[in-house]
Amino acid sequence: MSEQKRYYAERAPEYDDWWYRRGRYELEPGALARWWADVAEAEAALGAPAPFGNALELAAGTGIWTRKLVDLADRVVAVDANEETLALNTRDAELVQADVFEWRPAECFDLVFFSFWLSHVPEERFDEFWSLVGSALAPGGRVFLVDSGAGDTAHTGTDQAGWEETRSLSDGRTFRIVKRRWNPSELAERVRPLGFELDLRDTANGHFLYGGGELR
């Protein structure tokens, strides 16, 4: 986990290139159109129940989704472990630098959101993370997540167990990170005993898993 944290700190200046498919992440026109179609699908699903009251974003990163949340919620609190990523996030949110596994909310939220984070949570801390999510939800509040689809091939280097990947920066440095690509039914079953009922699906072109639900 410490290596993963360092990776995202070092990757902060180039992270958005991956999302916007720039430079080494550029796609040919057909593939790019499919990518943006999947982005639009996930964005529409997030915005369908809006407006929200108070929203919490965990592992907010450089703010790609934070900027979407500030248009959908009255107030957004965005938590991330790295000052390098938060420096690129939007000042329209309340930014909190803290390790997600060590931070505890002082209030409850109508929406708890996280993107491209759950796949980086190791199995031994999975239940702990969802306990945090539950403690942050107000009565009737919702959780929503976006993550890599199980069949997405945006990155390579997955080990045989499917739990780690080797990632490289543009300068050639490599890092090992946790990466588990969930399929929707598997993840829904995994969190049900933890008290969450989630409606999850893959985007039409398979790039992302997305969806949400409530704490029963």
Considering only DSSP states other than H, G, I, E and B, which trypsin sites (Lys or Arg not before Pro) in the stretch 65-145 qualify as loop sites with at most 16 other Cβ atoms within 10 Å?
ARG91
With at most 10 other Cβ atoms within 10 Å, longest stretch of the chain clear of loop GluC sites (Glu not before Pro) (DSSP)
108-216
At 222 nm, what helix-only mean residue ellipticity would the chain give, in deg cm²/dmol to the nearest 500, using -39500 (n - 2.57) for each DSSP H run of four or more?
-9000 deg cm²/dmol
Only one of the values [x] 45, 34, 34; [y] 71, 41, 32; [z] 75, 42, 33 was calculated from this structure for Cα extents along the principal axes in Å; name its label.
[x]
For a paramagnetic label modelled at 7 Å from the Cα of GLU102 toward its Cβ, which residues of the stretch 57-96 fall within the zone defined by backbone nitrogen distances under 20 Å?
57-62, 78-87, 95-96
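List the DSSP H helices in the chain whose Cα atoms stretch 15 Å or more along the helix axis and whose mean Kyte-Doolittle hydropathy is at least 0.0. Can you show the working numbers first?
Working: long enough: 2-19 (23 Å, -2.13); 29-47 (27 Å, 0.27); 126-136 (16 Å, 0.50).
Taking the DSSP H segments of the chain (at least 15 Å long, mean hydropathy at least 0.0), we get 29-47, 126-136.
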Burial ordering of VAL146, VAL100, fewest other beta-carbon atoms within 10 Å first:
VAL100, VAL146
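Every number in this text was worked out from the coordinates using simple rules, so none of it is lab data. From a predicted model like this one, the values you see are computed outputs, not experimental measurements. Reconstructed Cβ throughout: ideal geometry from the backbone, glycine too, with neighbour counts over all protein chains shown.
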